[in-house]
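Scroll down for the structure; my scribbles are underneath it.
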Amino acid sequence: MGTKTAAILFTACLLLSACTATKPESAATSNQQDSVASDSSNSAIDQSNVSSPKSSSKQAGSDDHNSASKTNAQNDKTSESNETGAATSATTNNKMYHLDKAYNVIPNQQDTEKKVVLLTFDDGPKEAAMINKIIDVLDKHKAKAIFFVNGYRVKKHPELLKLIHDRGQPIGNHSWDHIVLKNKSESEVKKQIETVQKAVKDITGQAPVFFRPPHGAGGDVGRKVAKENGLLYMTWSVGSLDWTMKKNQPNKTEALLKNVTEQLHPGSNILMHELPWTAEALDSLLTRLEQKGYQFVDPQGIEVPASK
């Protein structure tokens, strides 16, 4: 009986030991699963936390980009507005140059380029082929020139005046008949100047702002009438002497180059004419001027008087 009881007790102890061993394993598994689930949950949270800054950063980047784009667009508009205003201001008030009493081009500010020349052509418009040839060379050198025209020529060939205008070159007033004005009455001088103003404006939509008296002789009356019409009166400071040359004269190009370069100085106001040999020599002349360090002043940057 005692042995049987001992065997039963022994068996019960074994069963109890087995049950106790199973519970920790089950708990460990459960804990491990809970730990894995927790880690997964924490990992998801961490990923969410990691992902969230990236997403926020991406959104912020997008917002910053949009904000920058808006700012840049606003800045572009402001810059565009400022540039337009500056251009308008430069056109109306802030001219870079003026002419002195000797008709040289003088900078208005110390830091403005001094080594410049003003190119001018008188006595046109004459022939389309010659005008195009001259302007082709000007365009090649990125230069502008004043084309001083006579009214009687404009009347005969308005299409040539329009050609000059359409190709972006400034037009000046050289009187109607190319006569000496200094000994004429004020009424005659007014007629000679103002009829050209009207003719040019009727054809191009713009009246000239530069006046050069024929033969450089306008007198006090010529100056007065020019100023009343908002015209800058000028003669020249360097003559090419192309008007003294003859068709059959040899070496006209070299002669013209020599005439200009021997008188050349900063601010030179160079007188030329719509002549075949001048058109032929022009590329060589402008190339030589550039080699000497000269730039070509845009006539639009020169001060002109306000009309009354």
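The values are calculated or read from the model by the stated rules, or taken from the named source; none is laboratory data. All figures in this text were calculated on a predicted structure; none of them were measured in a lab. When we count neighbours, we look across all protein chains shown, and the Cβ atoms used for this are built from the backbone with ideal geometry, even at glycine. The accessibility values were calculated without ligands, DNA or RNA, using every heavy atom of the protein model including side chains. Shrake-Rupley method; radii C 1.70, N 1.55, O 1.52, S 1.80 Å.
Tabulated values for the structure
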| quantity | calculated |
| --- | --- |
| Per residue, in Å², the accessible surface of segment 87-234 once ligands and nucleic acids are set aside, probe 1.4 Å | 47 |
| Pairs beyond 32 Å (Cα-Cα), from LYS142/LYS190; LYS115/LYS190; LYS140/LYS182; LYS144/LYS246 | LYS142/LYS190; LYS115/LYS190; LYS140/LYS182 |
| Carbon + sulfur, % of accessible area of segment 198-253 - ligands and nucleic acids excluded, 1.4 Å | 51 |
| Within-14-Å neighbourhood charge of HIS174 [Cβ basis; K, R +1; D, E -1] | -1 |
| Computed over segment 149-308, the ratio Rg/Rh where both radii use C-alpha atoms and Rh is Kirkwood | 0.97 |
| Kirkwood-based Rg to Rh ratio, segment 240-308, C-alpha trace | 1.05 |
| Links that overshoot a 19 Å alpha carbon limit, given the list LYS162/LYS191; LYS162/LYS224; LYS126/LYS155; LYS198/LYS227; LYS156/LYS201 | LYS162/LYS191; LYS162/LYS224 |
